[in-house]
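These notes concern the structure reproduced below.
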Amino acid sequence: MVVTAMSAQIEECLCPALFFCAPASGQGKTTITAGIARYHQQQGLDVRVFKTGPDYLDPLILEAASGKPVVQLDLWMVGEERCKAILYEAAQEADLILIEGVMGMFDGKPSGADMAEYFGIPIAIVIDARSMAQTFAALAVGLSTFRPELKISGVIANSVGSDRHKQLITDAMPSNLAILGYMRRTEDAQLPERHLGLVRPQEQHDIDIRLDRIATVVHEAGLTALPNNVYFRNGTVESITPQLQDRTIAVARDDAFCFVYAANIKLLEDMGATCVFFSPLANEPMPKCDALWLPGGYPELHHRRLAANQLTMESIRTHHRNEKPILAECGGMLYIMQTLTDVEGHQEKMSGLIPGDGIMRTRGGCQGMQYAGFSVGEFRAHAHHRTRCENALEPIAFGRRTRHPAPGEPIYEYNGIFASYLHLYFLSNPTAIAKLFG
């Protein structure tokens, strides 16, 4: 929270901070980060939590734990200068900053390790200790020394089964690598999951009880000491111009359409737009608006209700007949196709604005960062889905992968509809967003 002026142009802000990485997904990063955030929030501290990469679900859990908005940080998607500005702004007010990494510690480009190194934040390595004993130490040493330039705070042993299990791990660890704490395997301190990630806190009636319990467990594990201070420098970002002044944008928002970056909503509002929300699951008609945004989510879990809710569908069809723009991302795109089939083979009719049949897969899917090139401009975006489309339109283009030559997701434009599996990060091209919704 201490701000120091280094020159007329550069300022630094000092705040305790810790970055959580792991050898792979599913090691417990979100649970531990949420528990530490919840504990310090209970002590009256201002805790700011961030999630690395294009994740919609983990930030919701971390927001519920900390009581503060959680935004994504990614050097490619968000940009280096904007990431710096976001962290600097948080450090001016926060008592503690926590950042959860993505996937494995060195996976992707940029990886969680890249992020931690770029900002000079010490790393806590979370390792699920189930089904291993002394091998835990070998894994911990390998991760902590793979890139000597990283600042390693220590290792967290997660899912420790017993005192004997703990002792085996302790005895095998070298003296120069600290174990920050041992998280016991506790059933009531877990977060429920399904395909694509964790279950949203809005769908968990006992989420606060769970988070309080996790906070207790991380405290018992010795994980609640404040980390060392880190200097955060401000970044240089372009100012937002009001290119959507007096425009009203309707946004679908409920359990079926819930993959929305808070930064995207904020950008629309900063550009002068008014965002109004409605629920297709509640059969609410679209509000009066100039443009429609159908974000991704879980329409495949609710396709029967969506199919029955004709009031909403007809209002969307009317909007389309009036030649007003529509952005349909991933699940939103499935909703405007002809049909949607769930994992059990049950097919329902959707709103039918464009050709195509969405089909849920039992496994697999697609994820990863891509450039999304629409006629209005190119965005930075990502894919994360477990469905496939058949009988679709001829795409105008395909997403461009960041590190692979193979074509990415198909991109469609059709009578004012902009649709793709890709989730757009609006701040990557505000001018194009103004054209799309304008």
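For the stretch 277-300, which positions are surrounded by fewer than 17 Cβ atoms within 10 Å (Cβ to Cβ) and either in contact (Cβ under 8 Å) with a residue 40 or more places away in the chain or not assigned by TED's automatic domain parsing to the domain that holds V260 (or both)?
Selection gives K288 alone.
Yes/no per residue for (1) under 25 Å from Y56 (Cα atoms); (2) touching a helix residue (DSSP H, G or I) at 6+ places or on another chain (Cβ under 8 Å):
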{"residue": "M369", "(1), (2)": "yes, no"}
{"residue": "A372", "(1), (2)": "yes, no"}
{"residue": "G377", "(1), (2)": "yes, yes"}
{"residue": "H384", "(1), (2)": "yes, no"}
{"residue": "E390", "(1), (2)": "no, no"}
{"residue": "L393", "(1), (2)": "no, no"}
{"residue": "A397", "(1), (2)": "no, no"}
{"residue": "R401", "(1), (2)": "yes, no"}
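Within the stretch 310-353, which strands (runs of 3 or more DSSP E) (wholly inside it) include 1 or more residues that are among the small types (G, A, S)?
326-329
Being outside the structural domain of G108 (by TED's automatic domain parsing), over 24 Å from G352 (Cβ atoms) and surrounded by fewer than 18 Cβ atoms within 10 Å (Cβ to Cβ) narrows it down to one residue among R380, R401, R386; which is it?
Sole residue among the options that is outside the structural domain of G108 (by TED's automatic domain parsing), over 24 Å from G352 (Cβ atoms) and surrounded by fewer than 18 Cβ atoms within 10 Å (Cβ to Cβ): R401.
Being touching a Cys at 6+ places or on another chain (Cβ under 8 Å), more than 22 Å from C13 (Cα to Cα) and hydrophobic (A, V, I, L, M, F, W, C): is that true of I156 here?
no
The values are calculated or read from the model by the stated rules, or taken from the named source; none is laboratory data. For clarity, every value in this text was computed on a predicted model and none was experimentally measured. With ideal geometry, Cβ positions are generated from the backbone for all residues, glycine too; neighbour counts draw on all protein chains shown.
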